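The values are calculated or read from the model by the stated rules, or taken from the named source; none is laboratory data. Small disclaimer: the values here were computed from a predicted structure and weren't measured. With ideal geometry, Cβ positions are generated from the backbone for all residues, glycine too; neighbour counts draw on all protein chains shown. Ligands, DNA and RNA are excluded from the accessible area calculation, which covers all protein heavy atoms including side chains. Shrake-Rupley method; radii C 1.70, N 1.55, O 1.52, S 1.80 Å.
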Amino acid sequence: MLALILGNMNFSSFNILMVSTGIIITLVSIISSRDYSYSNTHLFYICNLIYILGFTMIIMTENWIIFIIGWELVTVSTFLLLLWGSNKIARVYLIIQFIGSNFLLYVVLMIMNAGYTTIGPIDNFKLQLLLIIGVGVKSAIIGLHFWLPIVHSRAPAPVSAILSGWVVKLGFIVLLKTVTTGNILLFYAGIAMVIYAGIQALLATDYKVLLAFSTISQLGFIAIGIGSGNYYAYWGSALHIIVHGLAKTSLFLSSGYWVKSMKSRSIYQFKNGWFKDKTNSIITILGLTVLAGFPILAGYNSKHLIKYAAGNGWILKYVFHGLSLITYLYVLRFIKLGIFNLNNEEKRDLDEDRKVIGLNALSALILPIILVVLITLRSNIITGIDYTDYHLLHGFIISLIYILISITVLKLFNWIHIKEKPVPSMDLLLIRIKNGYRWLNGSPRLKRLEVDMENQIYNIAINFAKMVYDFLPKTIQSQLLFIPVVLLFLLIFYI
Amino acid sequence: MELLLLLIIIPLLTAFLIPLIDIINKKARRVLVLAASLAEFFTFLFLVINNWDDIADGTIFIIYKMGGWFPPLGIVLSMDMLSFYFSLLITISVMFLILYSIGYIGHHEGKYYVLIFLMWAAMQGIVLTGDIFNFYVFVELLLITSAALIGFRRNKKGTIASIKYMFYGVIGGLFIFIGIILLYSNLGTLNYAEISANFTTLSFNTQGIISILFLMGLFIKLGIFPFHFWVARAQSTAPSPISALLSGVVEKIYIYAFLRLFWMVFNFNYLQTTGLDKAIIFIAITSSIIGHILALQESDLKRMLAYSTIGHLGIIVAVLTVNTKLAIIAGLLHVLSHLLMKISLFTTTGYLLQFAPSHQIKDSRGVAQQNMFVFAGFIIAAAGMMGLPPMLGFFSKLYIVKSFLEKSYYLSALLTIVGSITALIYYARYIIYGFKKINLNSPQEFRLILSVLYRERLVTDIALMFVGAVIITGLIYKTFFGPLESVANLLHNPSIYIDFILGG
């Protein structure tokens with residue numbers, strides 16, 4: 001056993017750092033889960049332990065087969081964790097992830113056959129691309145991200161913290177190890193992810209959906225860093241994996257408490273958030289600041305490093321300013337609409353039922369933020385590169401300009417106070433596809449769901465199978481006819 | 001060594017003794033059934049202990065000359081690593097299935113035990129014999145006894161299934177028989193080793209026709225795609241232990257025959273030069289994916305499991321035909337994993353179906369309430385079928401895909417993976433229904449709450465034991481690589497076998 005571990009695991013400081021971040025995120029989520037009265041808590045903890053084992057195997061190992069086993073363990077354990085929420089979401093998650101992990105198995109075996117016996121840099125562009133698609137289902141590369149807002153926004157808060165904070169990062173950790181010299185498609189996929197998901201987050205009316213889309217958007221930054229192949233950007237993405245993981249965990253956990261105290265998930269219902277729950281407000285604002293990359297906190301450091309990906313081209317530099325601006329836009333919009341949507345007249349009524357979050361919640365929410373602060377102080381040690389001057393003053397001024405522009409834009413559009421949208425679900429996604437098809441046909445669009453669309457897809461598969469079954473002969477006389485047919489086939493083949 | 005003969009004689013003799021003992025005392029039969037199955041097990045154990053060093057090296061060769069006649073003339077029983085592997089699987093799984101049957105069927109059916117012991121003898125005979133006509137006799141014995149067991153319930157459905165199975169089995173046997181006639185008329189011998197040594201002296205066309213005849217016979221017996229029509233009927237109407245035996249063990253016997261005949265008796269290189277191996281892979285993979293598709297549309301639980309058997313057998317045959325060392329190891333590993341998983345699925349199903357009004361998946365609502373452990377066992381075995389770690393099914397799937405990719409069979413590898421995704425969907429359907437809660441007190445939801453099993457505890461324990469084996473073998477899967485590698489070496493060098501039989 002010891003030989004197996006020592007022979008296949010790599011205890012480099014990078015790996016240990018990643019594993020410990022993952023473990024901290026899991027522990028924080030477990031602490032927070034104690035505030036929700038879940039049944040079968042011991043099973044919940046066991047699933048968490050299997051999950052920890054799974055991601056440790058993924059991160060530590062140099063052996064592709066152990067990597068695949070870990071990947072499947074993470075799929076199974078996160079599926080089991082999702083069962084504490086909604087069964088239907090868990091089912092959707094399992095089917096999508098199972099297809100993804102099977103494709104990854106195929107890709108990994110192809111990579112092994114190409115001669116890459118251990119996990120390490122891969123030079124072949126096609127194999128890199130296949131690997132990116134393979135991990136893309138779990139890591140929500142654009143195009144394969146469709147399940148993420150559905151699952152992350154509907155999962156119970158501690159589980160969505162694990163999923164959004166760490167599970168989606170595992171694919172990028174593998175890409176960090178394999179795509180060391182950059183991949184231009186990953187780079188452009190990253191830009192597309194930041195823009196697309198950022199706009200979706202800007203238009204979100206549900207807090208957890210906003211967070212889910214912001215996860216995709218931030219993953220885009222990581223993809224840019226890895227895809228560019230720039231030395232600093234590469235380490236910037238490594239730092240962003242850790243920083244974003246911690247911040248997003250804190251945010252998703254706090255979203256659980258927000259939903260508890262506000263009794264709604266719509267950000268328009270988060271009135272007087274500042275009065276109701278000052279602790280939670282401060283933590284949420286801190287977390288969002290990390291996401292936006294405001295100086296001093298580590299989010300700035302990682303984004304500063306990732307900006308080296310732009311290289312010397314001036315067009316890309318402006319694009320990168322735009323990308324940072326998108327994050328500021330949706331962060332500031334939420335801070336205004338969600339937390340500082342104050343009404344002084346109602347303040348007096350609120351004094352009585354003011355929520356003070358408990359010790360579990362406080363420790364769960366504050367611990368990741370403290371860690372982010374610590375990382376800020378020592379980010380050059382963590383990235384392992386000799387880079388100490390982060391141009392803080394310059395960054396501060398630029399960030400203020402971002403904020404000014406964002407506030408102006410948001411003011412112009414009345415803080416994007418759009419009509420409330422339904423929470424995304426598999427059914428909505430499918431009906432959108434169906435409407436697209438009807439639009440091509442010229443038939444009128446469906447207004448709302450008539451039938452369970454998820455079952456319809458299922459029925460398509462089963463009906464196809466039934467067609468195959470009906471196509472085969474039913475009487476024994478005709479069934480026996482296959483014997484001479486196959487005999488002839490083999491004889492002809494042989495001749 | 002006489003132990004080889006004992007492995008066949010003990011079940012054969014027991015089968016004939018059971019009716020006689022029935023006349024004397026019905027209670028004595030219970031003792032006999034139990035004692036005989038234990039005796040068979042301990043004979044095998046004794047054989048293992050006696051030859052432990054050879055088994056560990058992978059060089060075991062035991063020969064028994066019937067009546068003292070030397071090989072080209074007399075019938076020989078022989079055990080090499082390939083026979084040992086399959087004989088081990090048969091001995092252990094059939095013994096536990098007989099114990100399961102004691103709990104499931106009870107002791108009042110004497111004929112059942114006669115037939116199952118005959119089946120056991122036939123299976124051991126096929127695996128141990130070194131004579132091709134002897135092989136044919138045992139195949140027919142297996143066919144007749146298993147057909148009788150399929151129709152054991154003596155209802156209309158069972159009889160139809162049994163006749164259909166018989167029909168296909170006889171035609172398959174006929175192909176094998178014609179092949180044997182051709183072999184004998186051309187070579188004048190029936191001994192495996194003798195045939196193997198002289199097979200290449202035959203003309204090109206004779207070799208081809210003999211191979212194709214045997215291939216047809218084995219395909220029909222295995223239920224590969226265009227001949228799969230008997231499988232679902234036979235395996236769904238038989239009692240659960242017999243379904244488990246048919247799907248888990250009997251099908252594997254034909255896999256053994258496939259390996260023995262095409263690698264060690266006929267010339268496998270010949271198949272590769274004619275390109276016939278590509279045809280086999282094509283048919284087997286088509287069969288596999290169609291088996292999974294048919295399982296998807298099935299609303300009857302046991303038929304669904306039977307169709308999934310077709311899917312997995314197709315993969316096994318295809319991967320063995322790839323004929324690299326890794327491919328043979330992967331195929332044989334999947335033989336073990338499919339055997340364990342299918343037996344655990346059928347045994348748990350046999351228990352769970354006691355609580356459902358019919359075999360329909362829709363009627364299985366609320367079975368999770370009845371016995372959570374057995375239902376969890378079903379889920380674990382199904383997860384193994386889909387290929388989730390740490391079950392053995394994952395590792396065998398992994399190595400199967402790997403060996404397909406090594407020889408650039410990209411589509412076959414992809415279809416293997418598609419098959420396991422399909423498996424997720426059709427097992428999930430049953431599991432979701434199983435977890436639906438029902439109110440046992442309301443008259444609308446009333447169903448059989450009391451189990452009608454003879455010994456309920458025995459049934460659940462053995463079912464869970466097989467499930468445990470699925471997990472444990474998965475955790476120690478690397479230990480199978482050494483022995484299976486020696487099997488692969490043996491298959492690639494049939495001259496070792498020839499020298500041993502004819503020289504010793």
Taking 1 over the mean of 1/r across every pair of different Cα atoms in chain B, what Kirkwood radius in Å do you get?
23.0 Å
Accessible area in square angstrom per residue, the range A:285-331, 1.4 angstrom probe:
35 Å²
Rounded to a whole number of µm²/s, how large is the Stokes-Einstein D of the range B:375-432 at 25 °C and 0.890 mPa s, given Rh as the Kirkwood radius over C-alpha pairs?
208 µm²/s
Taking the solvent-accessible surface of protein heavy atoms with a 1.4 Å probe, what is the per residue accessible area of the range B:155-248 in Å²?
30 Å²
Using only the heavy atoms of the protein chains and a 1.4 Å probe, how would B:ARG153, A:ARG333, A:ARG154 rank by accessible area, largest first?
B:ARG153, A:ARG154, A:ARG333
Dipole magnitude (debye, nearest 20) for chain A, charges at Cβ of Lys, Arg, Asp, Glu:
1020 debye
Here the tail fraction of P(r) beyond 12 Å, over all Cα-Cα pairs of the range B:215-257, rounds in percent to 58 percent
J(HN,Hα) series, the range A:36-49, from Karplus relation 6.51 cos²θ - 1.76 cosθ + 1.60, nearest Hz, glycine and proline x:
9, 7, 7, 7, 6, 4, 5, 5, 4, 5, 4, 4, 4, 5
Mind pulling the angle between the C-alpha long axis of helix B:456-475 and the longest principal axis of chain B? Nearest 10 degrees, somewhere in 0 to 90.
50 degrees
Relative contact order computed over chain B (Cα-Cα under 8 Å; 6+ residues apart), in percent:
16 percent
Provide the FRET efficiency to the nearest 0.05 for the B:ASN198-A:ILE492 pair, computing r from the beta carbons and using R0 = 25 Å.
0.35
Asserting the computed 222 nm helical MRE of the protein assembly as shown (DSSP H runs at least 4 long, -39500 (n - 2.57) per run, divided by residue count, to nearest 500) equals -24500 deg cm²/dmol
Rounded to a whole %, the carbon-and-sulfur portion of the accessible area of the protein assembly as shown at a 1.4 Å probe is 67 percent
Tell me the Kirkwood radius of the range A:353-410: reciprocal of the mean inverse pair distance over distinct alpha-carbon atoms, in Å.
14.8 Å
In square angstrom and rounded to 100, what buried accessible area do you get between chains A and B, total over both, with the probe at 1.4 Å?
4400 Å²
With the full set of protein chains present, the residues of the range B:273-306 whose 1.4 Å probe accessible area falls by 50 Å² or more relative to the chain alone are B:ILE293, B:LEU296, B:GLN297
Packing-based ranking, highest mean first, of B:459-467, B:122-130, B:406-414, A:389-397 given that Cβ atoms within 10 Å are counted
B:122-130, B:459-467, B:406-414, A:389-397
Which residues does a label at A:PHE464 reach in the range B:296-321, if reach means a backbone N under 16 Å from a point 7 Å past the Cα toward the Cβ?
B:296-298
What percent do you get for the relative contact order of the range B:261-311 when only Cα pairs under 8 Å and 6+ apart count?
29 percent
Cα-based Rg and Dmax for the protein assembly as shown, where Dmax is the largest Cα-Cα distance (Å)
32.4, 109
Theoretical FRET efficiency, 1/(1+(r/R0)^6), r = Cβ-Cβ of B:ILE49 and A:TYR231, R0 60 Å, to 0.05
0.40
Computed label-point distance, nm, for sites A:LYS278 and A:LEU2 using a 7 Å Cα→Cβ extension:
5.6 nm
Charges at C-beta only: +1 for Lys and Arg, -1 for Asp and Glu. How large is the resulting dipole of the protein assembly as shown about its Cα centre, in Debye rounded to 20?
3160 debye
What number, in percent, do you get for the relative contact order of chain A if the mean sequence gap of Cα pairs under 8 Å and at least 6 apart is divided by its residue count?
14 percent
Spin-label pair A:LEU429/A:GLU345, simplified geometry with 7 Å Cα→Cβ offset, distance in nm
4.4 nm
I want to check the label-to-label distance for A:ASN414 and B:TYR184. Put each point 7 Å from Cα in the C-beta direction and report it in nm to one decimal.
9.6 nm
Under the Karplus relation with 6.51, -1.76 and 1.60 and θ = phi - 60°, whole-Hz ³J(HN,Hα) for the range B:202-207, x at Gly and Pro, equal 5, 6, 4, 5, 4, 4
Per-selection Kirkwood Rh - the range A:2-416 (Cα, Å, 1 d.p.)
21.4 Å
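Over the range A:428-494, with the other protein chains present, what is the accessible area per residue in square angstrom, probe 1.4 angstrom?
I get 74 Å² per residue for this part.
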Mind listing the phi-derived Karplus ³J(HN,Hα) values for the range A:311-316, rounded to whole Hz, using 6.51, -1.76 and 1.60 with θ = phi - 60°, and x for any glycine or proline?
x, 9, x, 6, 5, 4
Can you give me the long-range amide H partners of A:ASP206? Hydrogens built in the peptide plane at 1.01 Å from N, cutoff under 5 Å, separation of 5 or more residues or another chain.
A:ILE267
